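This report refers to the structure that appears directly beneath it.
The values are calculated or read from the model by the stated rules, or taken from the named source; none is laboratory data. Since the structure is predicted, the reported quantities are computational estimates derived from the model, not experimental observations. All Cβ positions, glycine included, derive from the backbone under ideal geometry; neighbour counts span all protein chains shown. SASA here: full protein model, heavy atoms, side chains in, ligands and nucleic acids out. Shrake-Rupley method; radii C 1.70, N 1.55, O 1.52, S 1.80 Å.
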Amino acid sequence: MYLGRFIIIGETTAVYRVSSRSYPNRQIISRDNMLTVVPTSEAAQTNNPYVSYNCMRQGGEKIVIGNGSHVDPIAEKIDRGYPARDALAEALLALDYEKDDYNTPRIAGIVGSSSYVGIIRQDAVIIRSISEPTLVSTYENDAPTTAQLSLKGDIEEIAQKAYELEYEHPVCAAAVTHQGQGEGEGESGDIVAQIYNGK
């Protein structure tokens, strides 16, 4: 099954994976407290505006995850004091689904004291609070569904397992968590990220 890009949002941990048939020569890099999807040195040049973007960024004490340029305004709204749910909904509605050949949905999630997952498709907007690991993808699973991946344990292992999930055309993956927090504390602890760009 080909899901395209997908996120898995948990209460304290989240995953992002790029799967791509058209632009496989990409990687995730870390810079300035965010994770960014960029072409590798082998990639052909392209003017496609959806190839490079920040896929994870800190907003306040929260973690924002998504498949495109909407990650930045979500994080910026949270920094300005917006409630997480409002920041997610407003940014998705403002930027809408991607205007490419496939009308690709925008997906996003927020991990914090309350965690949310969202998607905007051509025909719907869904924002949902979560209490268990929840997956949403640009294709096939384009509504939030229970994830088949545990988000407990070593963050490096979680990133690798996300990459190795049996969905077609994996390119790169990353996992991020609030490390060192106590049970039920939501936003405390340091934010730690791990990248897995394949073997």
Margin query: Can you report the number of residues in the stretch 68-89 which are over 9 Å from Ile110 (Cβ atoms), open to solvent by 30 Å² or more (accessible area, probe 1.4 Å) and out of contact with any helix residue (DSSP H, G or I) (no Cβ under 6 Å at 6 or more places or on another chain)?
Written below: 9
Margin query: For the stretch 8-24, give me the residue count where each residue is open to solvent by 50 Å² or more (accessible area, probe 1.4 Å) and in contact (Cβ under 8 Å) with a residue 24 or more places away in the chain.
Written below: 4
Note to self: What's the total number of residues in the stretch 88-108 that are among the basic types (Lys, Arg) and either on the phi > 0 side of the Ramachandran plot or more than 17 Å from the chain's Cα centre (by Cα) (or both)?
What the structure shows: 1
Next item on the list: Looking only at the stretch 144-180, count how many residues are assigned to a helix (DSSP H, G or I) and free of Cβ contacts under 8 Å to residues at least 24 places away in the same chain.
Entry: 3
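To keep it simple, each residue is scored yes or no on (1) open to solvent by 10 Å² or more (accessible area, probe 1.4 Å); (2) closer than 19 Å to Ala174 by Cβ.
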residue: Ala94; (1), (2): yes, no
residue: Asp101; (1), (2): yes, no
residue: Val117; (1), (2): no, yes
residue: Asp123; (1), (2): yes, no
residue: Tyr139; (1), (2): yes, no
residue: Leu151; (1), (2): yes, yes
Notebook entry, point to check: Within the stretch 103-111, can one find any residue that is out of contact with any strand residue (DSSP E or B) (no Cβ under 8 Å at 6 or more places or on another chain) and open to solvent by 60 Å² or more (accessible area, probe 1.4 Å)?
Noted result: no
Check: Val51: open to solvent by less than 40 Å² (accessible area, probe 1.4 Å) and in a strand (DSSP E or B), yes or no?
Finding: no
Checklist line | The listed residue being more than 14 Å from the chain's Cα centre (by Cα), at negative phi and touching a residue at least 24 places away in the same chain (Cβ under 8 Å), out of Ser113, Ser69 | finding: Ser113
Next item on the list: Show the residue pairs that are 6+ apart or on different chains and have beta-carbon atoms under 7 Å apart, the first residue being within the stretch 91-104 and touching a residue at least 60 places away in the same chain (Cβ under 8 Å), the second being among the acidic types (Asp, Glu).
Entry: Thr104/Glu98
Notebook entry, point to check: In the stretch 116-143, how many residues are assigned to a strand (DSSP E or B) and in contact (Cβ under 8 Å) with a residue 60 or more places away in the chain?
Noted result: 6
